[in-house]
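Taking it in order: structure first as structure tokens, then the write-up.
The values are calculated or read from the model by the stated rules, or taken from the named source; none is laboratory data. Remember, predicted model here, so these are calculated numbers, not experimental data. Methodologically, a virtual Cβ is constructed for each residue, glycine included, from the backbone with ideal geometry; neighbour enumeration extends over all protein chains shown.
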Amino acid sequence: ALVSMKEMMNKGKKAGYAVGQFNVNNLEYAQAILQAAEEEKSPVILGVSEGAARYMGGFTVVVNIVKGLMHDYGTTVPVAIHLDHGSSFEKCKAAIDAGFTSVMIDASSKPLTENIELTNKVVMYAHERGVSVEAELGVVGGEEDDVVADGVIYADPVECKKLVDNTNIDCLAPALGSVHGPYKGEPNLGFEEMEIISNQSNLPLVLHGGTGIPTKDIQRAISLGTSKINVNTENQIEGTKAVRNVLLEDLNVYDPRKYLGPMREAIKETVIEKMREFGSSQQA
Ligand code: G3H
Ligand code: ZN
């Protein structure tokens, strides 16, 4: 069923697992992720960046792709369609109006008071419609679509407390050293801050930049209240590898299904691995 993230995250937090957010870039991604979730009996979050929505045609197209697949697949596990890194109230509203069940308002580049104000406005609109809201503080490194950072800034626990106390968000993404895209060397996650932020807010925490984080760090993050982990790049890398292999092996291939099918399979396998690593398998 198409639902908000609230219940799946709270369940995960209680039971000690995290739900994966896997970003959707096209039809095959949506297929792969929904197939993996059903096979693993795992709740799942389909993340859609503004750039990816643009690429696919718009928010309504994405919602209808997902709804259509869930109908024809007979999906039984809980699925959320979530706007990833929403850049404004207007974008969040447009996604919600199109049928998204969850949104992230990423006002992390704004001063705290503006972040709080904007986040509140989104929460008000979203909650009236049963839609969950994620907010962010600090700076996630690296680059993803329209979200480009030139460094990493660890979220300040004091600011996190203010944001949580003054908004009614459903989950918080404190940037604590994670990076969009591949890491240069080992990630250096701020677990001390994570513990403080988790204890003082009691909200499910979100870990962005899930690609390339060692399993021991994933497990530690989950033990400290991280209940949502975002993964995009790893699916892109594995999917593209599969396409490249087919095209290099046979220069006469022209039917897109011959290379996009293997891409879909590779993404599905990657998502299944993550669901097992995050502990969400068999929890739906
Ligand atoms: O918002 C999406 C995620 O934070 C994805 O990060 O591409 O490094 O896996 P990633
Ligand atoms: Zn992110």
Positions within the stretch 165-199 being of a type in the set (V, I, T) and within 20 Å of the chain's Cα centre (by Cα), in sequence order: I169, V179, I197
Qualifying residues in the stretch 140-190 (those that are modelled with pLDDT under 95 and within 29 Å of E128 (Cα to Cα)) - the one nearest to ligand 2 (Cβ to nearest atom): V147
Subset tally (residues that are surrounded by fewer than 21 Cβ atoms within 10 Å (Cβ to Cβ) and farther than 25 Å from T233 by Cα) for the stretch 77-115: 12
Odd one out for L27 among (1) of a type in the set (A, V, I, L, M, F, W, C); (2) within 14 Å of A80 (Cα to Cα); (3) surrounded by fewer than 22 Cβ atoms within 10 Å (Cβ to Cβ): (2)
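When the residues of the stretch 76-86 are narrowed to those that are at negative phi and out of contact with any helix residue (DSSP H, G or I) (no Cβ under 6 Å at 6 or more places or on another chain), which ends up farthest from ligand 2 (Cβ to nearest atom)?
Just the residues of the stretch 76-86 that are at negative phi, to begin with: 76-84, 86.
Pick out the ones that are also out of contact with any helix residue (DSSP H, G or I) (no Cβ under 6 Å at 6 or more places or on another chain) and you get 76, 79-80, 82, 84.
Details: T76: 28, V79: 19, A80: 15, H82: 11, D84: 6 Å.
For the stretch 76-86, the residue satisfying everything is T76.
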Wholly enclosed strands (runs of 3 or more DSSP E) of the stretch 114-182 bearing at least 3 residues among the hydrophobic types (A, V, I, L, M, F, W, C) and without any contact (Cβ under 8 Å) to a residue 60 or more places away in the chain: 132-137
Residue in the stretch 259-282 that is in contact with a Lys or Arg (Cβ under 6 Å, 6 or more places away or on another chain), in contact (Cβ under 8 Å) with a residue 24 or more places away in the chain, away from ligand 1 (no atom under 16 Å from the Cβ) and on the phi > 0 side of the Ramachandran plot present: yes
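Of the residues that sit in the stretch 62-76 and are among the β-branched types (V, I, T) and surrounded by 15 or more Cβ atoms within 10 Å (Cβ to Cβ), which one is farthest from ligand 1 (Cβ to nearest atom)?
The extreme case among them is T75.
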Residue count, the stretch 214-271 (criterion: loosely packed, with under 15 Cβ neighbours inside 10 Å, in a helix (DSSP H, G or I) and touching a Phe, Trp or Tyr at 6+ places or on another chain (Cβ under 8 Å)): 1
Whichever residue in the stretch 200-213 is assigned to a loop (DSSP other than H, G, I, E, B) and modelled with pLDDT of 95 or more and, among such residues, is nearest to the chain's Cα centre (by Cα): H208
Filter pass, V103 being part of a loop (DSSP other than H, G, I, E, B) and more than 13 Å from ligand 2 (Cβ to nearest atom): no
Considering residues of the stretch 149-191 that are hydroxyl-bearing (S, T, Y) and touching a Ser or Thr at 6+ places or on another chain (Cβ under 9 Å) only, the residue farthest from ligand 1 (Cβ to nearest atom): T167
